[in-house]
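The values are calculated or read from the model by the stated rules, or taken from the named source; none is laboratory data. Source: prediction; values computed, not measured. Neighbour counts are summed over all protein chains in view; Cβ atoms, including those assigned to glycine, are modelled from backbone coordinates with ideal geometry. Each accessible area value is taken on the protein alone, full model and side chains, heavy atoms only, with ligands, DNA and RNA left out. Shrake-Rupley method; radii C 1.70, N 1.55, O 1.52, S 1.80 Å.
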Amino acid sequence: IIIHELGHFLMARKVGMKVETFSIGFGPALFSVKKDGIEYRIGALPLGGYVKLLGEDPSEKSTGDKGELSSQPVGNRFKVFVAGSALNYLLGYVLLSVVFMIGYPVITTKVGALVEGYPAKKAGMQAGDRVLAIDGKAVGDWETLTDIMHKKTEGDVKLTIDRGGKKLDLVIRPTVRETKDVFGNKVRIAQVGIMNSDERSVQKCSFFESFVMGGKKLINFTYMTYKGLWSLITGKLPFKENVMGPVGIFGTMNAAAKIGIVPFLLLTALISAILGMFNVLPVPPLDGGLILFLGIEKLMGRPLSGKVQEIAMQAGWAFFIALMLFATYGDIFRMIGK
């Protein structure tokens with residue numbers, strides 16, 4: 001949240017807007033200091049933060065000050081509104097890259113057990129075998145292995161394995177079945193009937209490769225996040241089981257910190273990226289809602305009336321407060337259930 005608000009703050013200062021308040025948290029101030037006309041404060045409710053700009057309240061009459069929000073061109077206002085999400089996304093990218101650089105734990109491709117009646121056991125695969133490649137494509141961890149294998153829904157598959165230091169090739173015809181993916185969509189996946197072992201290893205990337213891998217991971221995570229959100233909206237995913245509130249996030253962060261620095265960095269990266277992704281959604285009072293107002297202003301040649309903006313903002317706040325209460329209730333219910 002500090003990074004997000006810092007993005008707004010720095011961009012506002014850069015384009016010449018006047019900042020009145022930089023606050024972490026809402027409600028009454030626990031701590032406050034004023035410097036160069038800006039109040040820096042910590043609020044009693046640690047559920048977010050905000051940067052108050054001169055003339056930001058649409059119900060207030062414009063003073064004509066050149067540092068006022070409404071006096072700035074649309075381009076400058078857009079930069080300020082999007083800067084918070086951009087900095088969050090950038091932080092997520094950097095932290096993911098750091099994770100790849102210092103090393104991250106993965107489940108190896110060692111086979112722990114075989115499923116009776118499935119092709120792998122019939123083809124002679126044994127527990128303890130290590131899968132090296134699928135159809136000539138090298139696999140270094142179990143996640144990659146399953147991702148490639150599930151897509152082999154046509155024809156035979158050649159598995160290259162290591163058995164006690166000796167390379168072997170097994171040609172297997174996978175079993176194809178229909179199931180539902182994490183988004184509730186029906187999909188066909190190929191399976192050969194192998195289960196992973198508990199063996200883990202640490203994979204590290206070079207300095208430059210880490211930033212490439214961090215970018216790939218972030219792009220994939222962005223796609224999965226927006227697709228998951230759409231599945232929630234359309235009802236393909238149950239809302240109650242897939243939305244986490246502040247209590248749940250705190251508990252998850254605390255658990256990750258106890259496990260080690262890598263899980264904590266990874267979770268921090270993903271939460272920062274999510275904060276950036278959700279804030280650009282075109283819904284008031286999110287930054288995306290403010291950007292939507294700018295788009296309408298550009299099309300109409302004039303801004304929406306202060307009254308319309310105020311109603312939209314109030315409706316948005318009511319929705320998000322209700323959503324937060326619902327998510328927090330779910331967090332507490334899950335905690336009690338454990």
Discussion item. As I understand it, the dipole of the chain uses +1 on the Cβ of Lys and Arg and -1 on the Cβ of Asp and Glu, about the Cα centre. Which of 285, 84, 183 lies farthest toward its positive end?
Written reply: 183
Worksheet item: Which residue, 108, 222, 153, tops the fluctuation ranking in a GNM of the chain built on C-alpha contacts under 10 Å?
Response: 153
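Would you compute, from DSSP H runs of 4+ residues alone, the mean residue ellipticity of the chain at 222 nm, taking -39500 (n - 2.57) per run and dividing by the full residue count, rounded to the nearest 500? Don't skip to the answer; put the middle values down first.
Details: 10 runs with 166 residues, N = 338.
Per the formula, -16500 deg cm²/dmol.
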Fill in: Given charges at beta-carbon only (K, R positive; D, E negative), |dipole| of region 37-114 in Debye
320 debye
Worksheet item: Once amide H atoms are built 1.01 Å from N in the peptide plane, which residues 5 or more positions from residue 187, or in another chain, come under 5 Å H to H?
Response: 179, 180, 181
Worksheet item: Relative to the Cα centre, what is the charge dipole magnitude of the chain, using +1 at the beta carbon of each Lys and Arg, -1 at the beta carbon of each Asp and Glu, and rounding to the nearest 20 debye?
Response: 580 debye
Response to the item:
In region 45-204 the accessible area split gives carbon plus sulfur, as whole percent at 1.4 Å, a share of 54 percent
Worksheet item: Mind checking which of 74, 19, 51 has the largest fluctuation in a GNM of the chain, springs on alpha carbons under 10 Å?
Response: 74
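How much area per residue is accessible in the chain when the probe is 1.4 Å and only protein heavy atoms are counted (Å²)?
Working: 19590 Å² over 338 residues.
With the other protein chains kept in place, the chain gives 58 Å² per residue.
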Worksheet, complete the sentence: Residue by residue through region 287-301, the couplings from Karplus 6.51 cos²θ - 1.76 cosθ + 1.60 with θ = phi - 60°, in Hz, x for Gly and Pro, are 4, x, x, 5, 5, 4, 4, 5, x, 5, 4, 5, 6, 7, x
Worksheet entry | region 47-189 - charge dipole about Cα centre, Lys and Arg +1 at Cβ, Asp and Glu -1, debye rounded to 20 | 620 debye
Worksheet item: With contacts defined as alpha carbon pairs under 8 Å and 6 or more residues apart, what's the relative contact order of region 1-136 in percent?
Response: 21 percent
Discussion item. Explain nothing, just the number: relative contact order of region 1-74, from Cα pairs under 8 Å at least 6 residues apart, as a whole percent.
Written reply: 30 percent
Worksheet item: Under a GNM of the chain (C-alpha, springs under 10 Å), which listed residue has the highest mean-square fluctuation: 277, 17, 125?
Response: 125
Worksheet item: So what is the relative contact order for the chain, in percent, with contacts set as C-alpha pairs under 8 Å and at least six apart?
Response: 17 percent
Worksheet, complete the sentence: Stokes-Einstein, Kirkwood over Cα pairs, region 34-188, 37 °C, 0.692 mPa s; D in µm²/s equals 151 µm²/s
Worksheet item: Shape call for the chain from the C-alpha gyration tensor, a ≥ b ≥ c root eigenvalues: rounded (a/c under 1.5), prolate (a/b greater than b/c) or oblate?
Response: prolate
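Quick check on my link table: of 52/216; 110/204; 151/216; 152/236; 166/204, which ones sit more than 29 Å apart, alpha carbon to alpha carbon? Intermediate values should be presented prior to the final figure.
On the way: 52/216 35 Å; 110/204 19 Å; 151/216 20 Å; 152/236 25 Å; 166/204 26 Å.
In this structure, 52/216 lie more than 29 Å apart at Cα.
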Item to complete: Determine the distance separating the Cα centre of region 46-113 from the Cα centre of region 195-214; give it in Å without decimals.
Response: 28 Å
